[in-house]
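The structure appears below as structure tokens.
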Amino acid sequence: MWLNERRPRETSYALIHNDYKYDNVVLDSTDLTKIVGVLDWEMCTIGDPLTDLGTALAYWVDPQDPEELQRIRWGPTTLPGTLTRAELVGRYAQTTGRDVANMVFYRVLALFKVAVIIQQIYYRYHQGLTKDPRFASLGEVVTVLLRAALRSAEDGSL
């Protein structure tokens, strides 16, 4: 209900990656601030470009985030000198000129989407359809992501 009530009216469309995060980009080895490639395009589609930023935010863990989020961090987003989620949104807005006033919606949507993806992997593991032992704890990851989405929705934080 929360997502449906806050769904923005799309104002533009673009090719979106739909799984945009650190481990899907290739950085320039001589300048780690430059992206030279983007990998893993099987979820790409046409849609609201802010959904890619929302996805990046769903994977982005800030240094002050709760310990449970720290434990499932996917990238180096807590290293000194790394932008926070809020700074990343600000940089995106400055660079693109897009209105980012509703970014909490996009992050909550992306957290939910990632939780659903992880839940289906965990389900396959639980059913014995895959044997990878790394998947055994994914049920907890789903809970952590959904808690983060709920916190963000309730307090309006990125």
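The values are calculated or read from the model by the stated rules, or taken from the named source; none is laboratory data. All values reported here derive from a predicted model rather than from experimental measurement. Positions of Cβ are generated from backbone atoms using ideal geometry, with glycine treated the same way; all protein chains shown enter the neighbour counts. Heavy atoms of the whole protein, side chains included, go into the accessibility calculation; ligands, DNA and RNA do not. Shrake-Rupley method; radii C 1.70, N 1.55, O 1.52, S 1.80 Å.
Modelled spin-label separation between ALA86 and ARG9, with each label point placed 7 Å from Cα along the Cα-to-Cβ direction: 3.0 nm. Label sites at THR78 and MET43, each approximated as a point 7 angstrom past Cα along Cα to Cβ, lie 2.2 nm apart. Among 127-136, 91-100, sorting by the average number of other beta carbon atoms lying within 10 angstrom of each residue, highest first, gives 91-100, 127-136.
Set the Cα radius of gyration of the stretch 44-101 against 2.2 N^0.38 Å, with N its number of residues, and you get 1.22. Computed over Cα pairs, the Kirkwood radius of the stretch 1-125 leads via Stokes-Einstein (0.890 mPa s, 25 °C) to a diffusion coefficient of 156 µm² per second. On a per residue basis, the chain carries 60 Å² of accessible surface, using protein heavy atoms and a 1.4 Å probe.
Note on the chain: GNM, Cα springs under 10 Å; of THR30, THR82, THR51, the largest mean-square fluctuation is that of THR30.
Among VAL36, TRP60, GLY128, which residue has its Cα positioned farthest towards the positive end of the charge dipole of the stretch 28-158, with +1 placed on the Cβ of Lys and Arg, -1 on the Cβ of Asp and Glu, and the dipole taken about the Cα centre? Of the candidates, GLY128 comes out farthest on the positive side. The trypsin sites (Lys or Arg not before Pro) found in the stretch 5-51 that occupy coil by DSSP, while having at most 14 further C-beta atoms within 10 Å, are ARG9.
Using unit Cβ charges (K, R positive; D, E negative) and no other charged atoms, how large, in debye to the nearest 20, is the dipole of the stretch 1-87 about its Cα centre?
Details: 8 positive and 15 negative charges, 35 e Å.
Dipole magnitude for the stretch 1-87 comes out near 160 debye.
Subtracting the Cα-Cα distance of LEU32 and TYR123 from their residue separation scaled by 0.36 nm leaves 29.1 nm. For the chain, a simple Cβ point-charge model (Lys and Arg +1, Asp and Glu -1, everything else neutral) yields a dipole of about 240 debye relative to the Cα centre. When the solvent-accessible area of the chain is split by element, carbon and sulfur atoms take up 56 percent of it, the probe being 1.4 Å. Among ALA56, ALA110, ALA101, the residue with the largest mean-square fluctuation in a Gaussian network model of the chain, with springs joining Cα atoms closer than 10 Å, is ALA101.
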